[in-house]
Amino acid sequence: MNGFDWDWQFTLEVLPTILEAAKVTLMATLLGSCLAIIVGLAFALLRRSGFFLIRFITYWIVEFVRSTPLLVQIFFLYYVMPEFGVSMSPLLTGVLALGLHYGAYLSEVFRSGIDGVEKGQWEAARALNLSIFDTYKDIVLPQALRPMIPATGNYIIAMFKETPQLSAITLLEMLQVAKIIGSENFRYLEPFTLVGMLYLLFSLVAAYGIHCVERHFPKEGITLK
Amino acid sequence: MSQPLIEFQSVEKRFGDTVIFKDFNFSVEEGEIVSIIGPSGSGKSTLLRILMTLEGIEGGGVNVAGEPLWHKRTPNGLVPADKKHLHKMRHHLGMVFQHFNLFPHMSVKRNITEAPMRVQGKSKVEAEAIADELLELVGMTDKADMYPNELSGGQKQRVGIARALAMKPAILLLDEITSALDPELVDEVLDVIRNLAKKHSFTMLLVTHEMYFAREISDRVCFFDQGAIVEEGEPEQIFTAPKEERTQAFLNAYMSQ
């Protein structure tokens, strides 16, 4: 076997297995995104705390997480944490690592979104005696949301494309499964090409989805009832 | 003798190295309508912003309704106010802003019901009843479901007034509420304030550049310059026979425009 000979029979044979693995990839991305958004928001709000120490500590946590490779964090959570009595499945570890890592990136996006809300809005909220919680929930975050959508979307797509790193802790995501198929059949062309195409397809769909969300999102923000 | 409702005692206020107030004293009686006039940068708005707890003070004290605003009484004397104390004190005050600061993502009605619902824990029905009443008062009943960006400046400001009134403050602070409006829209907003002044026994503190309005509505007019009250008195006296040279110069410059 040399050169380029695409085997359609083989392609159709392995496609279901790879699609099955795609579910794991999508699951890790979805759960990771949810966690990243929660973590990012928490970091962003802590960075605005009235207490210097909280701001300081949060700043360094975010810097630390952003400045160390995702793979190191994944390895640390998977291989080192059990020594402290915390063992997690590959999927849970992956979700946690992705959530934390991208949460650190997203916290910067959220922070600038919150900073972009006019000072007068904060003042009006204060003059009306709203609590800090209600000010964020009803006034600031609804208005900060729209400008955050494109950057958040980009990070989620970036996260999706980094899920193969989770193969390093034996998570059976798309790339890992493709590699196994390849080594079992001595054919790598079809499985890897399929994986690449699926990544491209999902990314394009996601990018379009984000674009739609942004376009249809009210300019002024949304109101909770 | 009754205690003044608002009292500034030797207040000191700085922005970095810039001194705004130094040993500043000022008081307002309950039910009094006081206009503050003067050149920009003289600390007029800062006075209102200190009262609304949007700006802190560096020295002295402010009393509202006999209680320190920026401090809390403890058995060991006064300590800087905590959140809870400021929250309590803010109930006395309401503010209308120069640039309206309406919540753009909320309907007119929702702008007004937000604080009664969240702060006073009123039900939606109760809060909307308050909003309906206030919208009628400011002549905006038919715009209840519109959004701020669909309104003219004058309409926005009338909503701003209704929003501040929804919390039933004893003191209403009006910070240059017509300065950002096109001239033809000024009167509809001032009419609302005229009405309020007639029908209700508010204490009002207004910073304004509308001299005729200040003259017509106020019990007292204060001329501010460089963080101090240069002259104060009844509107007739201030506008027809100002004693201080600086007041005369300011009013002359204004009237000749």
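Each value in this text was obtained by applying a stated rule to the coordinates, not by laboratory testing. Because the structure is predicted, anything quoted here is derived from the model rather than measured. Quick reminder, even Gly has a Cβ in these numbers, built from the backbone with ideal geometry, and neighbours come from all protein chains shown.
Quick notes on this structure:
- Residue A:118-residue B:2 pseudo-label distance in nm [points 7 Å out on the Cα-to-Cβ vector]: 3.7 nm
- Straight-line cross-link partners of residue B:72 among the aspartates and glutamates, defined as a Cα under 20 Å from its Cα and at least 8 positions apart when in the same chain: B:7, B:12, B:55, B:58, B:82.
- Cα gyration tensor category, rounded, prolate or oblate, for the protein assembly as shown with a/c compared to 1.5: prolate
- Counting Cβ atoms of other protein chains within 10 Å of each Cβ in B:101-109 and taking the mean gives 6.
- In a reduced charge model with +1 at each Lys and Arg Cβ and -1 at each Asp and Glu Cβ, chain B shows a dipole moment near 1060 debye about its Cα centre.
- Acute angle (nearest 10 degrees) that the helix A:189-216 long axis makes with the longest principal axis of chain A, alpha-carbon atoms: 20 degrees
- Rounded to the nearest 20 debye, dipole of the protein assembly as shown from Cβ charges on Lys, Arg, Asp, Glu: 1080 debye
- Least to most buried among A:59, B:212, A:102 (fewest other Cβ within 10 Å first): B:212, A:59, A:102
- Cβ crowding within 10 Å ranks A:190, A:214 as A:214, A:190, fewest other Cβ atoms first.
- Each part reduced to its alpha carbon centroid, region A:52-106 and region A:120-149 end up 30 Å apart.
- Ranked list, fewest to most other Cβ atoms within 10 Å of each Cβ, for A:161, B:109, A:219: A:219, A:161, B:109
- Under 11 Å from a label point set 7 Å out along the Cα-to-Cβ vector of residue A:27, the amide N atoms of region A:164-190 belong to A:172-173.
- Around the amide H of residue B:204, modelled in the peptide plane, lie the amide H atoms of B:32, B:33, B:34, B:172, all under 5 Å away and 5 or more residues distant in sequence or on another chain.
- Residue B:194-residue A:216 FRET efficiency (beta carbon distance; Förster radius 56 Å; 0.05 resolution): 0.80
- The percentage of C-alpha pairs in region B:168-257 whose separation is greater than 24 Å is 22%.
- Working note: 222 nm ellipticity from helices only, DSSP H runs with n ≥ 4, each -39,500 (n - 2.57), summed and divided by the residues of the protein assembly as shown, gives -17000 deg cm²/dmol to the nearest 500.
- Dimensionless Rg over Rh [region B:31-141; C-alpha; Kirkwood]: 1.02
- Listed residues A:102, A:76, A:159: farthest to the positive end of the dipole of region A:8-216 (Cβ charges): A:102
- Charge dipole of the protein assembly as shown about the Cα centre (unit charges at C-beta), most positive-ward option of B:51, A:31, B:233: A:31
- Extension gain, residue B:58-residue B:212: 0.36 nm per intervening residue step, less the Cα-Cα distance, totals 52.0 nm.
- Amide H within-cut-off set for residue A:88, under 5 Å, with H built and near neighbours excluded: none
- Measure of compaction for region B:97-168 (Cα Rg per 2.2 N^0.38 Å): 0.97
- Principal-axis tilt of helix A:90-115 within chain A, Cα atoms, nearest 10 degrees: 40 degrees
- For residue A:10 and residue A:168, a Förster radius of 45 Å and the Cβ-Cβ distance give a FRET efficiency of 0.95, rounded to the nearest 0.05.
- In this Cβ point-charge picture (+1 for Lys and Arg, -1 for Asp and Glu), region B:76-211 has a dipole of about 820 debye about its Cα centre.
- Over 18 Å (Cα to Cα) - which of B:109/B:143; A:23/A:161; A:137/B:156; B:109/B:168 fall in this group: A:137/B:156
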